[in-house]
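Some notes on the structure that comes next.
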Amino acid sequence: GRGIVVAIDGPSGSGKSTVSRQVAGRLGLAYLDTGAMYRAATWWCRRREVELDDAAAVAETVRHMPLSMVTDPAGPRVVCDDVDITAAIREADVTAVVSKVATNLEVRAELARLQREIIASESTDPASRSGGAGVVAEGRDITTVVAPDADVRILLVADENARLARRARERHGSADDTAIAATRDEVLRRDADDSTVSAFLTAADGVVTVDSSTLGIEETVAAVLSVITEAA
Ligand code: C5P
């Protein structure tokens, strides 16, 4: 048989990475963080000293990126050119410019192609990480572009204050005014830039919205699991 494909989209600070990873772990599925692939592409272009405004050069560089995604939900890793860049791609210097690479349409086509390959492998190949059981793939355009035919499609949303407070606590250990102000660019400017190429702020037809504004991680995981159970 064929494994299950769960697609989860949402803005920054919606909790989609943490929640998707835990849901994958609970269900014995692979976990694919597609944002990490855009971050890796950004890291790789910088390493190759490619000017990020040169769209053709960026696209060509990404087409030759030696990227390997480790989809184990217990310890997802990103390896590029034999370097483990799992931590490096979370640094502020990558986060600040990743939207520039992610709004490059040729880059999007190439990464969507790689993402579909990984999703197909995890949901059919007994030799894949999940043994063919399936995958939870998370990002901005998974429910709409990468896997519109997924078995379960979820848009995870949260109001702006909740998203800012979560990111501020993650980055600065506090959600006071200073920490919130320091987080605004990362969350709001990035979502505004990203939403020029992906429609992740409203649910497409057939996509179930889960609002995590007033939910903790555990409750959000439970809500997502129940959407999956109902669909199965
Ligand atoms: O989710 P995360 O913050 O790691 O995503 C990093 C960036 O990757 C986003 O700001 C967005 O520009 C891009 N992205 C995307 N499409 C996806 C996932 C992420 O454009 N499916």
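The values are calculated or read from the model by the stated rules, or taken from the named source; none is laboratory data. Note that the structure is predicted; figures quoted are calculated from it, not measured. In this analysis, Cβ positions are derived from the backbone assuming ideal geometry, glycine residues included, and neighbour counts consider all displayed protein chains. The area values use the complete protein model at the heavy-atom level, side chains included, leaving out ligands, DNA and RNA. Shrake-Rupley method; radii C 1.70, N 1.55, O 1.52, S 1.80 Å.
At a glance:
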quantity: Filtered residue count, region 87-110, keeping only those that are closer than 14 Å to A192 by Cα and more than 9 Å from the ligand (Cβ to nearest atom); calculated: 2
quantity: Condition broken by T86, with the remaining ones in (1) surrounded by 22 or more Cβ atoms within 10 Å (Cβ to Cβ); (2) without any contact (Cβ under 8 Å) to a residue 60 or more places away in the chain; (3) of a type in the set (V, I, T); (4) outside any helix (DSSP H, G or I) satisfied; calculated: (1)
quantity: Unique residue being open to solvent by less than 10 Å² (accessible area, probe 1.4 Å), within 16 Å of the ligand (Cβ to nearest atom), closer than 24 Å to D193 by Cβ and part of a helix (DSSP H, G or I) when the list is L156, L164; calculated: L164
quantity: The one condition in (1) touching a helix residue (DSSP H, G or I) at 6+ places or on another chain (Cβ under 7 Å); (2) within 21 Å of V107 (Cβ to Cβ) that R26 fails to fulfil; calculated: (2)
quantity: Condition broken by M69, with the remaining ones in (1) out of contact with any helix residue (DSSP H, G or I) (no Cβ under 8 Å at 6 or more places or on another chain); (2) within 26 Å of V221 (Cβ to Cβ) satisfied; calculated: (1)
quantity: Scope region 18-38; condition more than 10 Å from the chain's Cα centre (by Cα), free of Cβ contacts under 8 Å to residues at least 60 places away in the same chain and closer than 22 Å to A112 by Cβ; matching residues; calculated: none
quantity: Residue selected from region 124-147 under the condition more than 16 Å from the ligand (Cβ to nearest atom) and not in a loop (DSSP other than H, G, I, E, B), by the criterion least open to solvent (accessible area, probe 1.4 Å); calculated: G134
quantity: Where D191 falls short, out of the listed (1) under 20 Å from the mean Cα position of the chain (by Cα); (2) farther than 23 Å from V145 by Cα; calculated: (2)
quantity: Options G28, G13; residue that is among the small types (G, A, S) and more than 11 Å from the ligand (Cβ to nearest atom); calculated: G28
quantity: Helices (runs of 4 or more DSSP H) wholly inside region 1-69 containing at least 3 residues that are open to solvent by less than 10 Å² (accessible area, probe 1.4 Å) and in contact with a Pro (Cβ under 9 Å, 6 or more places away or on another chain); calculated: 16-27
quantity: Residue among A192, A120, A150, A181 that alone is within 14 Å of the ligand (Cβ to nearest atom), free of Cβ contacts under 8 Å to residues at least 12 places away in the same chain and either assigned to a loop (DSSP other than H, G, I, E, B) or open to solvent by 20 Å² or more (accessible area, probe 1.4 Å) (or both); calculated: A192
quantity: Criterion (closer than 21 Å to A147 by Cβ and among the β-branched types (V, I, T)) met by exactly one of T71, T61, T95, T86; calculated: T71
quantity: Residue within region 96-107 that is open to solvent by 30 Å² or more (accessible area, probe 1.4 Å), under 26 Å from A168 (Cβ atoms) and among the aliphatic types (A, V, I, L, M) present; calculated: yes
